[in-house]
Amino acid sequence: MPELPEVETVARGLQREIAGQKILAVSLGKTDFIDNPQALERELPGRTILRVERYGKFMLLRLSPDHGSTPNPQESALLVHLGMTGSLSPQALSEPQRKHTHVVMQLADGRELRYVDPRRFGRMAYLTGEVLRRELQRFGADPLEAGLPEFVARIQRRKSRIKALLLDQTVLRGVGNIYADESLWKAKIHPAQLGSRLDGRQLKELYGVLQSILKKAILLRGSSISDFLDADGMPGEYQQHHRVYGREGKPCYRCKTIIRRIIVAGRSSYFCPNCQKAPRSRKKTRTTKSGKKRIAWKA
């Protein structure tokens, strides 16, 4: 699932390529991932894409107002979530459409903006005015914009596991499994530690490494684990710098202890049992389908 660095990478590429372009027409394929497909067909033609920006794990294509529909036009945007296998990129008309192309927007410069998604786990919605504002208010602070005091307050006032808090989009928007695990390893914090039990020093360290890792991942165009490609169709490179994510059974880069995987709040979490000391807390052992024992920490 694309996280903050991957979505930021795509948004920057689209901003460079399509900002200022007018949408002439829209054609749709399968629409089960679209909120109100008729709104896209009705409202997008004639609008100009003013800018493309990231909001958490979503992209917002900010659109020009429709001056003909109302005397006081409202702000509007196309909200796009790429899901697990989605991609959004401009293509030449001469370029054959890929299989699973479900949205095609004809642009004024002769290209097409195409949304491709084999599994259709993404989301697309045309939102305006108060509906748009309410949708965005559901999410927490951006980890690259929040100051240290806000970051500390959002973590310390909750009694959930720190891994669960980092993944909670109402706490911080944009962080996912990869960058949560990488940041906790770098900060030497166990993923099952309660956020409310982390002291100021630990949270200051976590705040700094989370921002540093996210910024470096953006520079390297994110992590390509399976399907992710940027707006130019290129994979990211940050997966070459992963220090703990996906490394179960391999030695820790710091101390050579074998990396383990546990379940925290229903999600796989990779950590070093030596560098990231486990908290004293109730834990539950469960057996996987393959017969392996797994420790599951509840949020």
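For H242, H102, the sequence from fewest to most other C-beta atoms within 10 Å is H242, H102. Placing one equal scatterer on every Cα of the chain and applying the Debye formula, the log10 ratio I(q)/I(0) at q = 0.08, 0.11, 0.13 Å⁻¹ is -0.40, -0.72, -0.94. Model label points for K216 and A278, set 7 angstrom from Cα along the Cα-to-Cβ axis, are 2.8 nm apart.
Residue-wise HN-Hα couplings along segment 127-137, as the Karplus relation 6.51 cos²θ - 1.76 cosθ + 1.60 with θ = phi - 60° gives them from phi, are 10, 9, x, 5, 4, 5, 5, 5, 4, 6, 6 Hz; Gly and Pro carry x. Among D66, D117, the order by Cβ neighbours within 10 angstrom, fewest to most, reads D66, D117. Work from the charge dipole of the chain (Cβ charges, +1 for Lys and Arg, -1 for Asp and Glu, about the Cα centre) and give the residue of T9, V152, H81 farthest towards its positive end. The residue sitting most towards the positive pole is V152.
Computed per residue of the chain from DSSP H runs no shorter than four, each worth -39500 (n - 2.57), the mean residue ellipticity at 222 nm is -8000 deg cm²/dmol.
Based on the Cβ-Cβ distance from H100 to R16, what FRET efficiency comes out when R0 is 22 Å, to the nearest 0.05?
Working from the Cβ atoms, E equals 0.30.
Overall, the anisotropy analysis places segment 4-137 in the rounded class: the square-rooted eigenvalues a ≥ b ≥ c of its C-alpha gyration tensor yield a/c less than 1.5. By the count of neighbouring beta-carbon atoms within 10 Å, fewest first, Y115, Y270 end up ordered Y115, Y270. Per residue, the average separation of C-alpha pairs within less than 8 Å and at least 6 apart gives the chain a relative contact order of 17 percent. Taking 0.36 nm per residue of sequence separation and removing the Cα-Cα distance, the K30/Y253 pair yields an extension gain of 75.8 nm. Within segment 167-199, find all residues whose amide N lies under 16 Å from a label point positioned 7 Å from the Cα of E150 along Cα-to-beta-carbon. Label zone hits: 169-175. For helix 200-219, report the angle its Cα long axis makes with the longest principal axis of the Cα atoms of the chain; keep it between 0 and 90° and round to the nearest 10°. For helix 200-219, the angle is close to 40 degrees. With an a/c value of 1.5 or above and a/b not larger than b/c for the gyration tensor axes a ≥ b ≥ c computed over the alpha-carbon atoms, segment 67-127 is described as oblate.
Per residue, the Cα convex hull of segment 115-226 amounts to 138 Å³. Counting only alpha carbon atoms, the long axis of helix 4-18 and the longest principal axis of the chain meet at about 20°. Taking 7 Å steps out from each Cα toward its Cβ at S64 and R201 produces label points 5.8 nm apart.
Throughout, read-outs are computed from the coordinates displayed, never taken from laboratory work. Nothing here was measured: the structure is a model prediction, and the numbers come from that model. Neighbour counts are summed over all protein chains in view; Cβ atoms, including those assigned to glycine, are modelled from backbone coordinates with ideal geometry.
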